[in-house]
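The structure under discussion appears below in the form of structure tokens.
Just so you know, all these numbers are worked out from the coordinates, no wet-lab data involved. Keep in mind the model is a prediction, meaning the values are calculated, not measured. Cβ placement follows ideal geometry from the backbone for every residue including glycine, while neighbour counts extend to all protein chains displayed.
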Amino acid sequence: MSLWKLIVREMVHRKLNFLFSLLSVVIAVACLAGAWTLLQADERDTARLLAAKQREVEAAGAELQEAMRKITLGLGFNLLIVPQDQDLNELHLEGGLSSAMPEEYVNRLAHSKIVTVNHLLPSVVRRLTWPEQNIPIILQGTRGEVPILHADPKKPLLDAVPPGRIVLGYQIQQRLKLQPGEKVTLLGREFTVLKAHDERGTADDSTVWIHLAEAQELLGMKNLIHAILALECHCAGERLPAIRQEVMGILPGTQVIERGPPALARAEARSRAQENAVAALQLEVASRLQLRRQHERFAAVLVPVVFTGCLLWIGFLAFGNVRDRRAEIGILRAIGYRAGQIMTIFLGKAAILGLLGALLGYLLGAWGGAFWSAGAEDAPAAGWPGPDLGLMAVAAGAALLLAVFGSWIPALWAARQDPANVLQET
Amino acid sequence: MALLELTGIGKTYRTGRTGEVRALDGISLSLAPGEFTAVQGPSGCGKTTLLLISGGLLAPTQGRVLLDRQDPYALGADRRAAFRASRLGFVFQQFHLIPYLSVIDNVLAPALAAGNPDGRERAEELVAHFGLHSRRLHVPGELSTGERQRTALARALLNRPKLLLADEPTGNLDRENAGIVLRHLVEFARSGGAVLLVSHDEESVRHADRVVRLRRS
């Protein structure tokens, strides 16, 4: 016979008392383990959702950037780099340029560390009368975009016009009725029509485009260009003066002018859209964090309340147990059991209660938490999260403390029973 | 040499409503090994109080108790408990068996208190001696009253006590079973132990070597 045998036999004998006490520990531990599991799941979900949101924002941002690139192109360009001595009135009033600069400038800019410009288009442009057709046109020679070497390769905004080909503005095509593939002569050289643009409602409608080298040759401007168009520059707001200075530092003897306020507005809108996307992400982060804090606050209130309730209930049941066993305690004390042995009988029972309750409560709480967090429909798949040794240790410790603290005063009361009183009363 | 010596024992209970109740006043009694002494008196005359004082369970308000040449009330609670476990056996009218332990485990219960290493063997011996072998694995609820009292008697004798204190041990028994229990008490006394029996029953006290009568004062 040992004290443990006595404890176990008593638990079996007074099943209801034991089961109600066990239920209390199970509820308390399940509440703790469930809340913990839910919070852990909440944290994982938050991380997963935010990562997904981040990817969505990045994808949406990329799409937006692409769309804005196109919009910016349709609306015009952002910066025009022309020689210092170019009279801007000529550009504004006549739509043409007469001063030239070396074509090499565009390469120099492309090889520089400039980060504020995405696309560079060198061009020659002259207003003239198409001698063979006797109509005024703006002749533009372009070789397409010059890649900026240090930057990530960008999709070109404009397709280069291949040598021997000609692209017509809307008005020109309407007057000459030329179709793609037809031959036409310009300044004594034969070209094949590549395509005609749709109506844009700008000077482009009266422009014809040919390859830069051919335009330079026809206009007697070998290795010279009139302007560099800098498209999609990051020049929103008050950064423009700094960008001008940067460009002019690389290309001395040039001037930089801003073109197309709508493009600027769109650039700003694009920046704002990106900022909004980031703000939406931050809002989502804040919202999830707030939700998590709410859950934590709820758990911080719920778990102690449940523990306190269970502690009182265990204490109540333990008092009942001591009252029922007064005669037994009396005779054990009479035949020589020490107060410490009586305490051990009651606290040993509490320890068994705590450990058993911890195990059952952990299983119930962890599974319940996982089930709840996964949602009933996919619970079998998400189901059991696997053993969490840390949580198991915490559950065991909490359950032991709960059961032992709950039984402490009743055990003390049992140990202090006066056997003479008990034996006289029973 | 006396095993139990009570000198001028008095006991006064303090109660909330009626003030003080004097249960015993100036009782002196000596009990030698091998002696079977019965204390007889009407209900409420202090018989059980005298037995509890003799058993180191209830401190007297006056007088002195010497048990095996020691005053148990001079000891601390734990040492007094150990003192009881090694020297005393108790039998009560209500048996006070532990309801969820079998006969053999009830008999063995005092071994835990005394740290008795040969408890199991001694318990089996006593169970057989008291004719309980076939009932050794039964719990008290499955026993007759006679069997319960014999189990209680076997438990009282497990640690080979020097003094057996019996409080109305036959109060709940029929004549046959009462006779069996009393014969075992006599047998214990004849083997060198001392018995202090408290009873109001004339038949029971007739087995004693000496009868002490208490009056209600």
In terms of Cα to Cα distance under 13 Å, which aspartates and glutamates are near enough to A:K183, apart from those fewer than 8 places away along the same chain?
A:E132
The simple spin-label model distance between A:Q424 and A:D388, using points 7 Å out along Cα→Cβ, in nm, is 5.6
So which aspartates and glutamates pass the test for A:K222, namely a Cα distance under 18 Å, with those fewer than 8 places away in the same chain ruled out?
A:E103, A:E104, A:E214
Counting only residues 5 or more apart in sequence or on a different chain, those whose built amide H sits under 5 Å from that of A:A227 are A:S123
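Enter the mean number of other protein chain beta carbons within 10 Å of the beta carbon of each residue in B:78-88, as an integer. Before the final figure, lay out each step's value.
On the way: counts 6, 1, 2, 12, 3, 1, 6, 5, 1, 1, 3.
Whole-number average of other-chain Cβ neighbours for B:78-88 is 4.
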What residues have an amide H closer than 5 Å to that of B:V211, excluding those fewer than 5 places away on the same chain, when H is modeled at 1.01 Å from N in the peptide plane?
B:A38
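Would you order A:W4, A:W408, A:W209 from fewest to most other beta-carbon atoms within 10 Å of each residue's own beta-carbon?
Details: A:W4 13, A:W408 16, A:W209 25.
Placing the least packed residue first, the sequence is A:W4, A:W408, A:W209.
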Order of B:23-29, B:101-107 by packing, highest average Cβ count within 10 Å first?
B:101-107, B:23-29
In whole Hz, the Karplus estimates of ³J(HN,Hα) for the range A:244-252 (6.51, -1.76, 1.60; θ = phi - 60°; x where Gly or Pro) are 4, 5, 5, 5, 5, x, 7, 10, x
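Quick check on the range A:290-426: take the gyration tensor over C-alpha atoms, sort the square-rooted eigenvalues as a ≥ b ≥ c, and tell me if it's rounded (a/c under 1.5), prolate or oblate.
On the way: a/c = 3.53, a/b = 2.76, b/c = 1.28.
Prolate is the answer for the range A:290-426, as a/c is 1.5 or above and a/b outweighs b/c.
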Students often check this: by mean Cβ neighbours within 10 Å, which of B:199-205, B:210-216 ranks highest, and how do the rest follow?
B:199-205, B:210-216
Apply the Karplus parameterisation 6.51 cos²θ - 1.76 cosθ + 1.60, with θ equal to phi minus 60°, to every residue of the range A:216-231 and state each ³J(HN,Hα) to the nearest whole Hz, in sequence, with x for glycine and proline.
4, 5, 5, 9, x, 10, 4, 6, 10, 9, 8, 7, 10, 8, 9, 8
Using θ = phi - 60° and the Karplus relation 6.51 cos²θ - 1.76 cosθ + 1.60, list the HN-Hα couplings for the range A:161-166 in order, rounded to whole Hz, with x at every Gly or Pro.
8, x, x, x, 10, 9
What is the extension gain from A:V301 to A:Q245, computed as 0.36 nm multiplied by their sequence separation minus the C-alpha to C-alpha distance, in nm to one decimal?
14.0 nm
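Fewest Cβ neighbours within 10 Å first, please rank A:T344, A:T308 accordingly. Intermediate values should be presented prior to the final figure.
Values: A:T344 19, A:T308 12.
By the 10 Å Cβ count, ascending: A:T308, A:T344.
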Cβ neighbours within 10 Å from other chains - mean over B:105-113
5
Would you calculate the volume per residue, in Å³, of the smallest convex hull containing every Cα atom of the protein assembly as shown?
260
Percent relative contact order for the range B:132-206, counting Cα pairs under 8 Å at least six residues apart, stands at 32
Run through the range A:1-53 and list the trypsin sites (Lys or Arg not before Pro) located in a DSSP loop whose Cβ has at most 15 other Cβ atoms within 10 Å.
none
Order of B:L182, B:L66, B:L132 from fewest to most other C-beta atoms within 10 Å?
B:L66, B:L132, B:L182
Tell me, what is the FRET efficiency for B:Q94 and A:A52 to the nearest 0.05, using R0 = 60 angstrom and their Cβ-Cβ distance as r?
0.20
Mind running the shape call on the range B:87-217? Use the C-alpha gyration tensor, a ≥ b ≥ c as the square roots of the eigenvalues: rounded below 1.5 for a/c, prolate if a/b tops b/c, oblate otherwise.
prolate
Gained length - A:R293 relative to A:A62, 0.36 nm times residue gap less alpha-carbon distance
79.9 nm
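Relative contact order of chain B: what whole-number percent is it, with Cα pairs under 8 angstrom and at least 6 residues apart? Write out the running numbers ahead of the final one.
On the way: 436 pairs, mean separation 65.7, N = 217.
For chain B, the relative contact order is 30 percent.
Estimate the FRET efficiency between B:V211 and B:R160 by the formula 1/(1 + (r/R0)^6), using the beta-carbon distance for r and 22 Å for R0, to the nearest 0.05. Please report the intermediate quantities before stating the final value.
On the way: r = 26 Å, r/R0 = 1.20.
The calculated FRET efficiency here is 0.25.
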If amide hydrogens are placed 1.01 Å from N in the peptide plane, which non-local residues have theirs closer than 5 Å to the one on B:A23?
B:K11, B:T12, B:Y13
Using helices alone, I'd like the mean residue ellipticity at 222 nm for the protein assembly as shown: each DSSP H run of four-plus residues gives -39500 (n - 2.57), total over residue count, nearest 500.
-17000 deg cm²/dmol
Spin-label pair A:V12/B:R120, simplified geometry with 7 Å Cα→Cβ offset, distance in nm
1.7
